[in-house]
Structures are given as structure tokens and as C-alpha cells.
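Novice: One structure is given below, represented as C-alpha cells, and several questions about it will come after.
The values are calculated or read from the model by the stated rules, or taken from the named source; none is laboratory data. Computed from a prediction, not measured in an experiment: that's the story for all the values here. So basically every Cβ, Gly included, is an ideal-geometry build from the backbone, and we count neighbours across all protein chains shown.
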Amino acid sequence: MDANGSCLGVVLAGGRSQRMGVDKARLLWRGRTLLEHATAMLRDAGCSRVLVSGDYPGYACVPDQFPDRGPLGGLASVVAHAGEARWLVVAIDQPLLDASMLRALLVGLETGMEIARGICRYGEEPLPMALSVSDDTRHWMRHAVSGDAGHRALKACRTGCGCTRSRPTPACARGCAAPTRRPSGKRYFRWVDAAFAGQR
């Protein structure tokens with residue numbers, strides 16, 4: 001696979017949705033599922049290919065190979081199937097993101113690549129993020145989730161992926177990266193419409 005110049009989109013959708021109570025990827029968001037929304041958004045942002053971390057027949061997906069290792073386990077599972085050197089990563093539960101926000105992360109990543117390969121994200125939010133993936137990064141991801149003391153949280157990427165470059169979050173985008181964890185179930189969508197009605 002030629003990794004030069006291409007960008008991989010990754011949707012992290014492999015969790016158990018215990019707090020939501022249902023599979024978030026299958027919930028409808030304005031006429032389509034969250035999974036359809038996320039994959040389309042990544043393509044609109046410029047990704048030449050999109051992989052879903054999780055078991056979703058009908059999509060290019062990678063089932064979890066590291067159970068109970070959280071989002072970092074999802075990324076480590078994708079590593080074996082992705083030769084691209086640039087990744088755009090989103091969570092399945094971020095429907096308020098848009099393609100322009102993701103493209104800005106890619107620009108930030110490319111600007112910082114002369115200094116160090118690493119991560120570009122908004123403020124302290126772990127996702128979405130643009131990630132520069134080298135052979136060393138791939139090795140670190142697989143190692144980081146292995147064994148009884150393996151990592152789960154994406155904040156561990158600061159150690160394994162080099163420099164983290166944070167972009168200021170535009171006022172219109174504040175809250176868009178917040179995951180859909182409260183309130184539970186389908187009530188979330190009524191809540192998010194009310195919470196962010198003035199930002200769209």
C-alpha cells in the first residue's frame with residue numbers, strides 16, 4: 001500500500017456503549033446513522049479511505065483485537081490494516097463535528113511535521129485528532145495495549161506519538177468534540193439539539 005500523500009479516516013466505534021445503553025453507531029442523527037455520518041464526514045475532510053474500529057458488516061471495519069483496551073486498543077487494531085502515514089480519527093459519538101474542523105487539524109499536523117511527527121487536536125480534547133503514523137508509532141501502539149498493564153486512554157499517545165500540537169478551538173466549535181455520554185439513550189439527541197441550537 002502506498003502511504004505517501006494519502007490520509008486514512010478512522011472511526012472509533014468498538015466500545016460497548018454501556019453508558020448509552022444501545023449501540024451508538026446505529027442511532028439515527030438527522031436522517032442517517034451516526035456511523036454513516038462519521039464516515040461521510042471523514043471523506044468530505046479529504047480522507048482517501050475510511051476504516052471503522054469495531055465489527056460492522058457492510059463497512060470497511062476492523063474488529064477489536066485488544067478487548068477492554070478502550071480507544072487506544074481500537075487504534076492498535078487498525079494499525080495492521082493501514083499503511084497510510086496520516087490519520088484523521090473521530091469517535092462515533094461526535095455528531096457535531098464537521099469536515100472543516102477536521103481539515104484544520106490536518107493543516108496543523110502538516111505545519112508541525114517539520115518539528116516532530118505527532119498529533120494535532122483541539123485544546124485538551126483527545127478527539128478528534130490528526131495523527132502522523134510512523135513505523136515506530138505502529139510498534140508503540142501494539143506494545144502499549146499488550147499485557148495486563150496495557151494502556152486504554154488516548155492520552156498515552158503523547159508518550160508514543162511524539163509532539164502534540166494543539167489548535168485553539170473556534171468559538172463556534174466549542175462543545176462539538178464533547179462525546180455523547182449524557183444523558184443516556186435517545187434522550188441525548190434532544191439534549192444536544194437544545195444545548196447547541198445557537199451554534200449551527
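Novice: Please specify each residue of region 36-66 satisfying the condition of being acidic (D, E) and in contact with a Pro (Cβ under 8 Å, 6 or more places away or on another chain).
Specialist: Matches in region 36-66: D55 only.
Novice: Output the qualifying pairs, or none if there are none: Cβ atoms under 8 angstrom, residues six or more apart or on different chains, first residue in region 60-79 and on the phi < 0 side of the Ramachandran plot, second residue in a helix (DSSP H, G or I) and of a type in the set (K, R).
Specialist: A76/R142; V79/R138; V79/R142
Novice: Here's another thing I want to ask about it. Criterion first (modelled with pLDDT of 75 or more, basic (K, R), crowded, with 18+ Cβ neighbours inside 10 Å and more than 15 Å from E84 (Cα to Cα)) does R121 satisfy it?
Specialist: In short, yes.
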